[in-house]
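What follows is a set of notes on a single structure, which appears directly below.
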Amino acid sequence: MPYIGRSLGDGVRARYIYAATSGQTTFSGNDSNGIALSYSDTLYMDVYQNGVLLKPVTDYASTTGTSVVLVTGASADDVLEMIVYDSFAVADTVSAANGGSFGGAVSVSGGFTATAGASSNAISLQSANFKMTDLNTNAFYRTGTFTPASGQFTVGNGSAFGNYIRIGDLVHVNFGFEFGSSSSFTGDVASITGLPFTVAENISGSTVSYVPIPFICWDNGAQWRQGIGQASEGSTSVDYPSIAAVANSYISASNPFTWATGDSLTFTGTYTTSDA
């Protein structure tokens, strides 16, 4: 239908509030306390008194954004016939027709929900510039920290560190220990526990599957030795970390070297998970 004023864009709707609608009755009498408005946005509000369109500021004013007061007041015989809210943006649900789209940039503050309906594809994001924000609770992309532990390693004044990046069900971890002057290994290290998410099945079959997780033993710049451990399906641990080229050669107080301050053991690997 024809209208006067700026065109309506996405998220912009015209509201017409008459005397008998939306809880607003005929306005008359003293308005010194203000006449309550149905909408707080008065930027595009027109007020009619006795059939005459009033001038903003000159004839009426919005007191707090939720009520209007006539500058000259109103007598008992005056009637505030109509308030028209035209062409102002509202915080409402905005929908595109099936198969339609919104032009230009769309900014959303607060919650955003995509409803799948009959399709499993609730929302599709197609852009080479798309990037998720780092959120620990984000269902698609998460980053965080965790603390690995081993029954054969005493941290002392050393440190245990762990970081992860999770994209969907794919988890990348970097973790390990740095040796301090009061750190120590007791016996062979058979397991490192504390992975942030449970390891999912890697290879289908009747036997338990394993995911290889490589590691490096660093002798504070003097030498390094590498090896590999296995993350077991259904667990949050890396078991049997064996030093390369020596079968069943596990990390210990003297293997692959005598550990001292500044030495480090670092694991880096990727696995899948079915955790939420």
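The values are calculated or read from the model by the stated rules, or taken from the named source; none is laboratory data. Since we're looking at a predicted model, the values are computed, not measured. With ideal geometry, Cβ positions are generated from the backbone for all residues, glycine too; neighbour counts draw on all protein chains shown.
In this structure, SER181 does not satisfy being of a type in the set (Ser, Thr, Tyr), at negative phi and surrounded by 15 or more Cβ atoms within 10 Å (Cβ to Cβ). Among all residues of the range 219-239, there is at least one that is hydrophobic (A, V, I, L, M, F, W, C), closer than 16 Å to SER264 by Cβ and more than 32 Å from the chain's Cα centre (by Cα).
The single condition among (1) closer than 25 Å to PHE140 by Cα; (2) surrounded by 19 or more Cβ atoms within 10 Å (Cβ to Cβ) that THR236 does not meet is (2).
None of ILE192, ILE228 is farther than 16 Å from ALA149 by Cα and in the same structural domain as PRO148 (by TED's automatic domain parsing) except ILE228. Those residues that are surrounded by 16 or more Cβ atoms within 10 Å (Cβ to Cβ) and either in a loop (DSSP other than H, G, I, E, B) or touching a Lys or Arg at 6+ places or on another chain (Cβ under 6 Å) (or both), I need them from the range 246-256; list them, please. Result: SER249, ILE251, PRO256. Checked against (1) within 19 Å of PHE175 (Cβ to Cβ); (2) surrounded by fewer than 16 Cβ atoms within 10 Å (Cβ to Cβ), VAL211 passes all but condition (2). Within the range 257-275, the set of residues being loosely packed, with under 15 Cβ neighbours inside 10 Å and without any contact (Cβ under 8 Å) to a residue 60 or more places away in the chain comprises THR258 only. LYS131 falls short on exactly one of the conditions (1) of a type in the set (Lys, Arg); (2) at pLDDT 65 or above; (3) over 30 Å from TRP218 (Cα atoms), and that condition is (2). It is to be established whether one or more residues within the range 237-245 are in a loop (DSSP other than H, G, I, E, B), assigned by TED's automatic domain parsing to the domain that holds PRO148, under 18 Å from SER150 (Cα atoms) and touching a residue at least 40 places away in the same chain (Cβ under 8 Å). Scanning the range 237-245 turns up no residue that is in a loop (DSSP other than H, G, I, E, B), assigned by TED's automatic domain parsing to the domain that holds PRO148, under 18 Å from SER150 (Cα atoms) and touching a residue at least 40 places away in the same chain (Cβ under 8 Å).
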